[in-house]
1. Take segment 89-114 and flag every residue that is at pLDDT below 95 and in contact with a Pro (Cβ under 6 Å, 6 or more places away or on another chain).
2. Whether any residue in segment 56-75 is aliphatic (A, V, I, L, M), part of a strand (DSSP E or B) and surrounded by 12 or more Cβ atoms within 10 Å (Cβ to Cβ) is what I want to check.
3. Among the residues of segment 30-55 satisfying the criterion of being open to solvent by less than 50 Å² (accessible area, probe 1.4 Å) and among the hydroxyl-bearing types (S, T, Y), which is nearest to D103 (Cα to Cα)?
4. Under 7 Å between Cβ atoms, which residue pairs at least 6 apart in sequence (or on different chains) link something in segment 77-102 that is on the phi > 0 side of the Ramachandran plot with a partner that is small (G, A, S)?
5. Quick check, is E27 open to solvent by 90 Å² or more (accessible area, probe 1.4 Å) and within 16 Å of the chain's Cα centre (by Cα)?
Amino acid sequence: MKRVLAILSVMLFVFCGNINELPIVQETKIRVINRTNNNFSNVVLFSMEFSDLKPKDTSEYKILNYDPLRDDPLIYCSMGEINYARYLEIPKEGVLNFTYAIDSIQEGIIYVSSVVEN
């Protein structure tokens with residue numbers, strides 16, 4: 001086993017150069033802001049659970065873990081007995097921080113904007 005690990009280490013060095021010079025993978029972090037005067041529970045983005053949001057509240061950032069074959073490109077949330085859902089823009093590759101803001105609810109429709117924050 002040690003021999004296999006040694007061979008793999010050498011191969012990694014030969015093909016990639018100095019291990020300290022390996023490319024850094026940048027992950028996109030997303031969060032949600034509640035700009036309304038409503039309480040939202042069961043907040044889910046891209047099948048990732050977020051904490052409940054009180055009026056004017058902001059969630060913590062979470063690393064976006066989105067698989068288009070498995071996850072929904074939606075925000076889901078509840079206000080009392082009413083459930084809301086809305087399709088979302090998926091952050092482009094290379095975006096570091098991305099914020100979704102629940103702006104309002106009008107006539108039973110949830111309105112969500114988004115901002116790139118690099």
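1. Across segment 89-114, the qualifying residue is only I90.
2. Within segment 56-75, one or more residues are aliphatic (A, V, I, L, M), part of a strand (DSSP E or B) and surrounded by 12 or more Cβ atoms within 10 Å (Cβ to Cβ).
3. T36
4. Qualifying pairs under 7 Å: none.
5. yes
The values are calculated or read from the model by the stated rules, or taken from the named source; none is laboratory data. Just so you know, these numbers come straight off a predicted model, no measurement behind them. FYI the Cβ positions are ideal-geometry reconstructions off the backbone, even for glycines, and counts take in every protein chain you see. Heads up: the accessible areas ignore ligands, DNA and RNA and are worked out on the full protein's heavy atoms, side chains in. Shrake-Rupley method; radii C 1.70, N 1.55, O 1.52, S 1.80 Å.
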